[in-house]
Amino acid sequence: MRDTVTGATEVAALMAGLVGRRHRVTDYEVGRENIREYARAVLDPHPAHHRDGAAHELGYDGLIAPITFVSILGAFAIEELFVRVLVGYDLSQMMHTDQQLILHRPVQVGDRLDCDVCLESFRQMGGTDIIVIKNLMTDQHQDPVATTRTTLVAPTGGVADPELARAVAAVMMHQAPLPAPAR
């Protein structure tokens, strides 16, 4: 078994070298039913997400997506980053601790979105890696649509305690036994 201090130092050096590294996820086409389905899933009843006429009244050519719709492409982009660049981490063992979203304009039906995802910063603290990822989403004309920053916390180097991993999975999948009600 390798020395954990040495292992953490190796991970920190590797990740420091990747700060600023970019990966591009391209050509996510936004369809009418994608918007409606997402709006239903997040319980957003705004008429401009469901009816073209309501979107036209607001000055748009077609349906507009709920603000958080960009999280769909953001999730694809982050997954790609961890598969292709930041290898060795298990996304199921990461905690999403912060999210910032700047919407430059609403996402509309027919948009073709690209996302440049970048490791913005990395640091270690107390056996955890704190990873900040920035996404810049643009449309088919390369105009900005949204900028997001996501902070993730993971066990250093992506190596988790197997017992902790099983406990987290059980809680996340609602399989954890509930405490007996107080009498």
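In table form, for the structure just shown:
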| read-out | value |
| --- | --- |
| Conditions (1) surrounded by fewer than 13 Cβ atoms within 10 Å (Cβ to Cβ); (2) over 17 Å from R112 (Cβ atoms): number failed by E33 | (2) |
| Residue check for G59: small (G, A, S) and either open to solvent by 70 Å² or more (accessible area, probe 1.4 Å) or closer than 30 Å to A13 by Cβ (or both) | no |
| Filter result for E80 (in contact (Cβ under 8 Å) with a residue 12 or more places away in the chain, open to solvent by 60 Å² or more (accessible area, probe 1.4 Å) and closer than 25 Å to Q100 by Cα) | no |
| Residue ID - modelled with the lowest pLDDT, chosen from residues in region 109-125 that are buried (at least 18 other Cβ atoms within 10 Å of the Cβ) and over 13 Å from H23 (Cα atoms) | F122 |
| Contacts under 8 angstrom Cβ, first residue in region 85-107 being at pLDDT below 90, partner in a loop (DSSP other than H, G, I, E, B) and of a type in the set (G, A, S), 6 or more apart | D90/A160; Q93/A160 |
| Search result, residues across region 139-154 that are buried (at least 18 other Cβ atoms within 10 Å of the Cβ), part of a strand (DSSP E or B) and not hydrophobic (A, V, I, L, M, F, W, C) | T148, T150 |
| Qualifying residue in region 69-84 (condition: of a type outside the set (A, V, I, L, M, F, W, C) and part of a loop (DSSP other than H, G, I, E, B)) | no |
| Qualifying residue in region 41-48 (condition: under 28 Å from D116 (Cβ atoms), in contact with a Lys or Arg (Cβ under 9 Å, 6 or more places away or on another chain), surrounded by 14 or more Cβ atoms within 10 Å (Cβ to Cβ) and not β-branched (V, I, T)) | no |
| Index of the failed condition, H56 passing every other in (1) under 21 Å from T138 (Cα atoms); (2) assigned to a helix (DSSP H, G or I) | (1) |
| Sole exception among (1) assigned to a helix (DSSP H, G or I); (2) open to solvent by 40 Å² or more (accessible area, probe 1.4 Å) for M15, by number | (2) |
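The values are calculated or read from the model by the stated rules, or taken from the named source; none is laboratory data. Predicted model, so just to flag it, every value in this text is computed and none were measured. With ideal geometry, Cβ positions are generated from the backbone for all residues, glycine too; neighbour counts draw on all protein chains shown. Areas reflect the complete protein model, heavy atoms only, side chains present, ligands, DNA and RNA absent. Shrake-Rupley method; radii C 1.70, N 1.55, O 1.52, S 1.80 Å.
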